[in-house]
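Working notes, beginning with the structure itself.
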Amino acid sequence: MIGGDGTGPEVAREGVKVLKAVAALEGIDYELKEFDYGGDRYLATGEVLPEGALEELATFDAILLGAIGHPEVAPGILERGLLLEIRFRFDQYINLRPVKLFPGVETPLAGKGPEDIDFVVVRENTEDLYCGMGGFLKKGTPDEVAVQTAIYTRKGCERCIRWAFEYTRRRNRKKRLTLVAKTNVLTYGHDLWWRAFQEVAREYPDIEADYNHVDACCMWMVKNPEYYDVIVTTNMFGDIITDLGGIIQGGMGVAAGGNINPEPGGTSMFEPMGGSAPKYTGRGVINPIAAISATAMLLEHAGYPAAAGRIMKAIQIVTGTKMKSQAAGRMGYSTTEVGDLVCEQLTAD
Ligand code: IPM
Ligand code: MN
């Protein structure tokens, strides 16, 4: 567990509380170690991840991350030094982001309910504009040029697309996989994605291989979210559309994601999407549902679907029948009480 900054440790702790409870019920053995990486440590030591940190993390199956983001640390340092570093170094090439409206949770979409908002975004997680390729020319002068390059590789898009087809088949719902890209403008990079998608689709005749431009996708996610089953998309577009997804599923207190290395022996990382929300730190008002749901994703990935199912069911009882709101400070319960409520419901039938 890397609690991280701000309210990160508070929500991660509730995830671990639920993990402990469900592990007892399901007879799951696990070892837990807490790491203090984050903004405070960086300010004290000048390094984000100390020497040997990645080597040690690599010995774990999974990481539960609370949040990173510290008001006294310049933007980018912790993001690049911790979050993106772990995603890249552990080749966590799938960023899995379920967009599911739980019962009792308010969505800003008029007339839409839990039966309409239930899809999953598979975001490529190692390439695109995130690779940090680029530079400045004549920096600080009126003639300044800035270049930021999007890298797409055949291997990178194909492995993500194939995983998304497999996932769509396993999910066994509408059996529709929508590629979201911008082939009409990104005529090289997204042409590569398009060709890889068409080729891999031939291996999955039982799955509808669908395509949306990213701008149209934003419109449909708001107007007809029920259309979607699984979306596969590039890193940058996936970043943007999953914030839209997060808000239609009830906000950042609810949305969770998994950074997955699907290969044997890979180390994956699961996280609530909410950020560190520094102003709420230590007040016991932040919503732990996303962190608890990230814990369920972790267990699902680790091969414990029954435990994950128990947590997801318990979460939905708690959102549907207990919590007043998903907003920080308006839940009707404190952070730890919400964690306790989920634990109580793990044995519900
Ligand atoms: C996310 C975040 C990160 C991203 C930031 C913090 C680097 O927005 O996980 O979606 O852009 O991937
Ligand atoms: Mn994002």
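The values are calculated or read from the model by the stated rules, or taken from the named source; none is laboratory data. If you're wondering where the values come from, they're calculated on a predicted model, not measured in any experiment. Please note: Cβ atoms are built from the backbone with ideal geometry, for glycine as well, and neighbour counts cover all protein chains shown.
Below are the figures for this structure:
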{"quantity": "Search result, residues across segment 100-115 that are crowded, with 17+ Cβ neighbours inside 10 Å and in contact with a Leu (Cβ under 9 Å, 6 or more places away or on another chain)", "calculated": "101, 107, 109, 112, 114"}
{"quantity": "Options 31, 55: the member that is out of contact with any strand residue (DSSP E or B) (no Cβ under 7 Å at 6 or more places or on another chain) and under 28 Å from residue 318 (Cα atoms)", "calculated": "31"}
{"quantity": "Condition check for residue 260: buried (at least 23 other Cβ atoms within 10 Å of the Cβ) and either among the hydrophobic types (A, V, I, L, M, F, W, C) or out of contact with any helix residue (DSSP H, G or I) (no Cβ under 9 Å at 6 or more places or on another chain) (or both)", "calculated": "yes"}
{"quantity": "Of all residues in segment 65-117 being away from ligand 1 (no atom under 14 Å from the Cβ) and of a type in the set (A, V, I, L, M, F, W, C), the one that is nearest to residue 162 (Cα to Cα)", "calculated": "90"}
{"quantity": "Residue in segment 235-242 that is away from ligand 2 (no atom under 13 Å from the Cβ) and either touching a strand residue (DSSP E or B) at 6+ places or on another chain (Cβ under 8 Å) or small (Gly, Ala, Ser) (or both) present", "calculated": "no"}
{"quantity": "Residues of segment 271-292 classified as closer than 12 Å to residue 64 by Cα and more than 15 Å from ligand 2 (Cβ to nearest atom), total", "calculated": "2"}
{"quantity": "Those residues of segment 76-108 which are of a type outside the set (D, E, K, R) and in a loop (DSSP other than H, G, I, E, B), in sequence order", "calculated": "76, 90, 92, 93, 101, 102, 103, 104, 105, 107, 108"}
{"quantity": "Set 297, 269: member being within 25 Å of residue 343 (Cα to Cα) and within 13 Å of ligand 1 (Cβ to nearest atom)", "calculated": "269"}
{"quantity": "Answer from 72, 31 - the residue that is under 21 Å from residue 298 (Cβ atoms) and among the charged types (D, E, K, R)", "calculated": "31"}
{"quantity": "Failed item, numbered, when residue 270 is tested on (1) among the aromatic types (Phe, Trp, Tyr); (2) within 24 Å of residue 73 (Cβ to Cβ); (3) surrounded by fewer than 24 Cβ atoms within 10 Å (Cβ to Cβ)", "calculated": "(3)"}
{"quantity": "Selection status of residue 215, assigned to a loop (DSSP other than H, G, I, E, B), of a type in the set (D, E, K, R) and without any contact (Cβ under 8 Å) to a residue 40 or more places away in the chain", "calculated": "no"}
{"quantity": "Filter result (surrounded by 22 or more Cβ atoms within 10 Å (Cβ to Cβ) and either at pLDDT below 95 or closer than 25 Å to residue 325 by Cβ (or both)) within segment 218-240", "calculated": "221"}
